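These notes concern the structure reproduced below.
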Amino acid sequence: MKNEVLQAAAVMVAVAVSGVLLGLLWLWLSPRVPLVSDGRAVFLKDTEGEQAIGVDGTFTLLALGFGLVSGVVAFLLRRSGGVPLVAGLALGSLLGALLAWRAGIWLGPETDVVAHAKAVGKGVVFEAPLELKAKGTLLAWPVAALAVHLGLTALFGPRDPEPPYPTPYGEPRGDAHPCAGA
(Lines give C-alpha, C1' and ligand atoms only; values in the text may rest on other atoms or scores of the structure.)
Protein backbone atom coordinates (compact mmCIF):
# COMPACT_ATOMS: atom_id res chain seq x y z
CA MET A 1 0.00 0.00 0.00
CA LYS A 2 2.87 2.38 0.78
CA ASN A 3 4.25 1.92 -2.75
CA GLU A 4 0.82 2.67 -4.27
CA VAL A 5 0.48 5.88 -2.25
CA LEU A 6 3.98 7.02 -3.31
CA GLN A 7 3.16 6.35 -6.96
CA ALA A 8 -0.14 8.19 -6.60
CA ALA A 9 1.66 11.17 -5.04
CA ALA A 10 4.13 11.20 -7.94
CA VAL A 11 1.26 11.13 -10.44
CA MET A 12 -0.51 13.93 -8.56
CA VAL A 13 2.58 16.17 -8.55
CA ALA A 14 3.45 15.49 -12.20
CA VAL A 15 -0.10 16.16 -13.38
CA ALA A 16 -0.42 19.30 -11.24
CA VAL A 17 2.87 20.75 -12.48
CA SER A 18 1.77 20.22 -16.09
CA GLY A 19 -0.90 22.83 -15.31
CA VAL A 20 1.74 25.48 -15.97
CA LEU A 21 1.97 24.24 -19.56
CA LEU A 22 -1.82 24.40 -19.85
CA GLY A 23 -1.74 27.99 -18.55
CA LEU A 24 0.90 28.97 -21.09
CA LEU A 25 -1.02 27.33 -23.94
CA TRP A 26 -4.21 29.04 -22.80
CA LEU A 27 -2.45 32.39 -22.78
CA TRP A 28 -0.96 31.78 -26.22
CA LEU A 29 -4.00 30.31 -27.98
CA SER A 30 -6.94 32.17 -26.47
CA PRO A 31 -8.45 35.05 -28.41
CA ARG A 32 -7.77 38.57 -27.19
CA VAL A 33 -10.69 40.68 -26.00
CA PRO A 34 -10.21 44.26 -27.29
CA LEU A 35 -11.23 47.09 -24.95
CA VAL A 36 -11.35 50.83 -25.48
CA SER A 37 -11.76 53.75 -23.09
CA ASP A 38 -13.60 57.01 -23.66
CA GLY A 39 -11.89 58.68 -20.72
CA ARG A 40 -14.70 57.93 -18.25
CA ALA A 41 -15.45 54.22 -18.79
CA VAL A 42 -14.03 51.16 -20.48
CA PHE A 43 -16.02 49.37 -23.19
CA LEU A 44 -15.71 46.35 -25.45
CA LYS A 45 -14.41 47.54 -28.80
CA ASP A 46 -16.57 44.98 -30.60
CA THR A 47 -19.80 44.56 -28.65
CA GLU A 48 -20.88 41.61 -30.75
CA GLY A 49 -17.51 39.87 -30.63
CA GLU A 50 -17.18 36.32 -29.39
CA GLN A 51 -13.68 36.64 -28.01
CA ALA A 52 -14.81 36.62 -24.36
CA ILE A 53 -16.56 33.27 -24.67
CA GLY A 54 -13.67 32.03 -26.80
CA VAL A 55 -11.35 32.45 -23.81
CA ASP A 56 -13.49 30.00 -21.79
CA GLY A 57 -13.85 27.65 -24.75
CA THR A 58 -10.11 27.59 -25.37
CA PHE A 59 -9.43 26.73 -21.74
CA THR A 60 -12.07 23.99 -21.81
CA LEU A 61 -10.76 22.37 -24.98
CA LEU A 62 -7.17 22.48 -23.79
CA ALA A 63 -8.19 21.07 -20.40
CA LEU A 64 -10.07 18.21 -22.08
CA GLY A 65 -6.95 17.43 -24.13
CA PHE A 66 -4.78 17.48 -21.02
CA GLY A 67 -7.30 15.20 -19.32
CA LEU A 68 -7.12 12.75 -22.19
CA VAL A 69 -3.33 12.68 -22.14
CA SER A 70 -3.00 12.46 -18.36
CA GLY A 71 -5.60 9.67 -18.15
CA VAL A 72 -3.79 7.63 -20.82
CA VAL A 73 -0.35 8.21 -19.29
CA ALA A 74 -1.55 7.30 -15.80
CA PHE A 75 -3.08 4.10 -17.16
CA LEU A 76 0.02 3.14 -19.14
CA LEU A 77 2.33 3.76 -16.18
CA ARG A 78 0.26 1.67 -13.81
CA ARG A 79 -2.25 -0.66 -15.43
CA SER A 80 -3.42 -2.20 -12.19
CA GLY A 81 -4.91 1.15 -11.17
CA GLY A 82 -6.08 1.33 -7.59
CA VAL A 83 -7.83 3.87 -5.45
CA PRO A 84 -4.69 5.86 -4.55
CA LEU A 85 -3.76 6.28 -8.22
CA VAL A 86 -7.24 7.45 -9.17
CA ALA A 87 -7.34 9.85 -6.22
CA GLY A 88 -3.90 11.20 -7.18
CA LEU A 89 -4.99 11.63 -10.79
CA ALA A 90 -8.18 13.44 -9.76
CA LEU A 91 -6.51 15.73 -7.25
CA GLY A 92 -3.51 16.41 -9.49
CA SER A 93 -5.67 17.32 -12.47
CA LEU A 94 -7.83 19.62 -10.35
CA LEU A 95 -4.74 21.32 -8.92
CA GLY A 96 -3.29 21.52 -12.44
CA ALA A 97 -6.43 23.23 -13.74
CA LEU A 98 -6.33 25.73 -10.88
CA LEU A 99 -2.63 26.35 -11.48
CA ALA A 100 -3.23 26.83 -15.22
CA TRP A 101 -6.02 29.31 -14.56
CA ARG A 102 -3.93 31.39 -12.18
CA ALA A 103 -0.77 31.17 -14.33
CA GLY A 104 -2.68 32.37 -17.40
CA ILE A 105 -4.04 35.34 -15.49
CA TRP A 106 -0.71 36.15 -13.87
CA LEU A 107 1.28 35.96 -17.12
CA GLY A 108 -1.44 37.52 -19.28
CA PRO A 109 -2.36 41.13 -19.96
CA GLU A 110 -2.63 43.70 -17.16
CA THR A 111 -5.41 42.84 -14.69
CA ASP A 112 -6.10 46.39 -13.50
CA VAL A 113 -8.27 47.52 -16.41
CA VAL A 114 -8.89 51.05 -15.15
CA ALA A 115 -5.20 51.82 -14.60
CA HIS A 116 -4.32 50.25 -17.95
CA ALA A 117 -7.00 52.34 -19.72
CA LYS A 118 -5.62 55.53 -18.14
CA ALA A 119 -2.06 54.54 -19.12
CA VAL A 120 -2.85 53.92 -22.81
CA GLY A 121 -5.15 56.94 -23.16
CA LYS A 122 -8.54 57.81 -24.55
CA GLY A 123 -9.64 55.94 -27.69
CA VAL A 124 -6.68 53.52 -27.73
CA VAL A 125 -7.50 49.81 -28.06
CA PHE A 126 -5.91 47.50 -25.49
CA GLU A 127 -6.32 43.88 -24.41
CA ALA A 128 -8.56 42.77 -21.57
CA PRO A 129 -7.07 40.46 -18.96
CA LEU A 130 -7.67 36.73 -19.30
CA GLU A 131 -10.76 35.84 -17.33
CA LEU A 132 -12.36 32.48 -16.82
CA LYS A 133 -16.01 33.39 -16.46
CA ALA A 134 -17.32 29.81 -16.40
CA LYS A 135 -15.57 28.39 -13.34
CA GLY A 136 -17.06 24.96 -14.07
CA THR A 137 -14.52 24.59 -16.85
CA LEU A 138 -11.94 23.97 -14.13
CA LEU A 139 -13.51 20.50 -13.82
CA ALA A 140 -12.98 19.63 -17.48
CA TRP A 141 -9.47 18.26 -16.89
CA PRO A 142 -10.31 16.05 -13.87
CA VAL A 143 -13.51 14.71 -15.44
CA ALA A 144 -11.78 13.90 -18.73
CA ALA A 145 -8.79 12.30 -17.00
CA LEU A 146 -10.96 10.10 -14.81
CA ALA A 147 -13.30 9.13 -17.66
CA VAL A 148 -10.40 8.13 -19.91
CA HIS A 149 -8.67 6.23 -17.11
CA LEU A 150 -11.91 4.43 -16.20
CA GLY A 151 -12.56 3.49 -19.81
CA LEU A 152 -9.04 2.17 -20.36
CA THR A 153 -9.13 0.23 -17.09
CA ALA A 154 -12.47 -1.30 -18.04
CA LEU A 155 -11.23 -2.29 -21.51
CA PHE A 156 -7.63 -3.27 -20.89
CA GLY A 157 -7.14 -3.52 -17.12
CA PRO A 158 -6.47 -6.72 -15.18
CA ARG A 159 -9.45 -9.03 -14.72
CA ASP A 160 -10.65 -10.78 -11.61
CA PRO A 161 -10.06 -14.54 -11.74
CA GLU A 162 -13.01 -16.64 -12.90
CA PRO A 163 -14.40 -19.34 -10.61
CA PRO A 164 -13.00 -22.82 -11.36
CA TYR A 165 -16.25 -24.04 -12.86
CA PRO A 166 -19.63 -22.47 -13.46
CA THR A 167 -22.45 -23.50 -11.16
CA PRO A 168 -26.06 -23.54 -12.28
CA TYR A 169 -28.42 -21.29 -10.41
CA GLY A 170 -29.51 -22.78 -7.13
CA GLU A 171 -26.88 -25.53 -6.91
CA PRO A 172 -24.57 -25.41 -3.91
CA ARG A 173 -20.88 -24.80 -4.60
CA GLY A 174 -18.15 -27.30 -3.81
CA ASP A 175 -18.52 -31.02 -3.11
CA ALA A 176 -21.85 -30.74 -1.32
CA HIS A 177 -23.85 -31.90 -4.34
CA PRO A 178 -27.35 -33.23 -3.50
CA CYS A 179 -26.76 -36.40 -5.53
CA ALA A 180 -23.24 -37.02 -4.18
CA GLY A 181 -24.37 -39.41 -1.41
CA ALA A 182 -26.73 -41.52 -3.59
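The values are calculated or read from the model by the stated rules, or taken from the named source; none is laboratory data. Values in this document were obtained by computation on a predicted structure and should not be read as measured data. Heads up, the Cβs are rebuilt from the backbone with ideal geometry, glycines too, and the neighbour counts pull from every protein chain shown. All accessible areas refer to the heavy atoms of the entire protein, side chains included, with ligands and DNA or RNA removed. Shrake-Rupley method; radii C 1.70, N 1.55, O 1.52, S 1.80 Å.
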Partner lysines for Lys118 [C-alpha distance under 22 Å; skip if fewer than 8 residues away on the same chain]:
Lys45
Where a Cα-Cα gap under 15 Å defines reach, which aspartates and glutamates qualify for Lys133, not counting those fewer than 8 residues away within the same chain?
Glu50, Asp56
Nearest 0.05, what FRET efficiency do Glu110 and Val83 give at R0 = 45 Å with Cβ-Cβ as r?
0.55
Using the Cα centre as the reference, give the magnitude of the dipole from point charges on the C-beta atoms of the chain (Lys, Arg: +1; Asp, Glu: -1; all else neutral), rounded to the nearest 20 debye.
380
Heavy atoms only, probe 1.4 angstrom, no DNA, RNA or ligands counted: give me Leu107, Leu77 ranked by accessible area, highest first.
Leu77, Leu107
Averaged per residue, what accessible area in Å² does the chain show with a 1.4 Å probe, protein chains only?
62
Ranked by how many other beta carbons lie within 10 Å on average, peptides 60-67, 26-33, 48-55 from highest:
60-67, 26-33, 48-55
Which peptide among 150-161, 3-14 comes first, and what is the full order, when sorted by highest mean count of other Cβ atoms within 10 Å?
3-14, 150-161
In nanometres, what is the gap between the two model label sites at Leu150 and Val20, each 7 Å from Cα along Cα-to-Cβ?
3.2
Ordering Val69, Val83 by how much accessible area each has at a 1.4 Å probe, largest first, what is the list?
Val83, Val69
Quick one: helix 2-17 against the long Cα principal axis of the chain, what's the angle to the nearest 10°, folded into 0 to 90?
20
Computing the accessible area with a 1.4 Å probe over protein heavy atoms, can you report the carbon and sulfur percentage for the chain?
68
State the Cα centre-to-centre distance between the range 125-164 and the range 68-103 in whole Å.
8
